[in-house]
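The values are calculated or read from the model by the stated rules, or taken from the named source; none is laboratory data. This structure is a prediction, so every number in the text was calculated from the model and none was measured. We place every Cβ from the backbone using ideal geometry, glycine too, and count neighbours over all the protein chains shown. Accessible surface is based on the protein model in full, side chains and every heavy atom, while ligands, DNA and RNA are left aside. Shrake-Rupley method; radii C 1.70, N 1.55, O 1.52, S 1.80 Å.
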Amino acid sequence: GAGVSQSPRYKVAKRGQDVALRCDPISGHVSLFWYQQALGQGPEFLTYFQNEAQLDKSGLPSDRFFAERPEGSVSTLKIQRTQQEDSAVYLCASSSRGQGNYGYTFGSGTRLTVV
Amino acid sequence: TQLLEQSPQFLSIQEGENLTVYCNSSSVFSSLQWYRQEPGEGPVLLVTVVTGGEVKKLKRLTFQFGDARKDSSLHITAAQTGDTGLYLCTGGTSYGKLTFGQGTILTVHP
């Protein structure tokens with residue numbers, strides 16, 4: 001596609017529910033990132049994929065968070081047993097290059113609200 | 001952990017005024033990028049600077065990378081209401097992980 005597509009745009013989950021957030025990167029993009037963004041703050045790194053390999057997951061806040069990119073294209077961020085502190089915007093970004101010096105294209109994000 | 005500090009955190013000005021946003025770190029970055037984010041959207045890349053001392057201009061926006069590649073500034077001349085948004089600086093590592101500053105929320109009033 002022309003840009004990075006994320007779905008759903010909005011998700012309301014009851015506390016304890018599992019959720020899955022999808023990211024469709026630009027076709028052919030090697031690198032894919034997930035970020036978490038609180039209102040009015042800068043994005044916080046969650047995890048990084050190069051093709052299908054998850055090279056860095058140091059930003060995942062707990063073992064309730066899991067991300068995959070099995071075929072090196074679409075990625076899914078899964079949050080199990082959601083808590084209120086998980087409420088945030090989850091951003092996905094992709095790049096055609098393996099290194100980050102050239103900027104990334106971000107999706108519009110998924111706004112997760114846990115009630 | 002490489003940290004980026006942006007200042008000011010909030011900026012509220014009248015249309016036509018000039019402003020500067022700063023991005024500082026104690027770490028050296030291979031590159032620095034500036035993004036602008038509007039409500040409900042993802043950040044959009046404005047510029048990438050890679051050479052110490054580099055100055056780039058994008059219409060009314062001027063970006064500068066510090067000589068030591070630890071800091072950067074964004075200067076906007078004659079701000080317009082369309083410049084309103086969250087401005088983010090990021091530092092890139094060799095493999096591509098971006099570390100974001102906390103952002104500067106700019107509001108330009110008509």
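Rolling a 1.4 Å probe over the protein heavy atoms gives region A:5-114 an accessible area of 47 Å² per residue. Taking every DSSP bridge with both residues inside chain A, close to 90 percent are antiparallel. Surface analysis of region B:5-109 yields an accessible area of 44 Å² per residue, using protein heavy atoms and a 1.4 Å probe. For region B:1-95, the carbon plus sulfur part of the accessible surface works out to 51%, probe radius 1.4 Å. Estimate the FRET efficiency between A:F66 and A:S96 by the formula 1/(1 + (r/R0)^6), using the beta-carbon distance for r and 30 Å for R0, to the nearest 0.05. Using R0 = 30 Å, I get an efficiency of 0.70.
Computing FRET efficiency as 1/(1 + (r/R0)^6) for A:S58 and A:S87, where r is the C-beta to C-beta distance and R0 is 22 Å, gives about 0.50. With a Förster radius of 41 Å applied to the beta-carbon distance between A:V30 and B:F10, the computed FRET efficiency rounds to 0.65. Label separation (A:K78 vs A:A38): 2.8 nm, computed from points 7 Å beyond Cα along the C-beta direction. Among the residues of A:43-50, the average count of other protein chain beta-carbon atoms within 10 Å of the residue beta-carbon is 3.
Computed over chain B with a Gaussian network model linking Cα atoms closer than 10 Å, the most mobile of B:G92, B:G66, B:G16 is B:G16. Heavy-atom accessible surface, probe 1.4 Å, ligands and DNA/RNA ignored: which residues of region A:1-41 lose at least 20 Å² versus the isolated chain? Residues meeting the cut-off: A:R9, A:F33, A:Y35, A:Q37, A:G40, A:Q41. Peptides B:55-61, B:20-26 ordered by packing proxy, namely the average of other Cβ atoms within 10 Å per residue, highest first: B:20-26, B:55-61. Spherically averaged projected area of the convex hull of Cα atoms, region B:5-109: 6.1 nm².
For chain A, the convex hull spanned by the alpha carbon atoms encloses 95 Å³ per residue. For B:S30, project a label point 7 Å along Cα to C-beta. Then give me every residue of region A:38-55 with its amide nitrogen under 19 Å of that point. Residues A:45-55 fall inside that zone.
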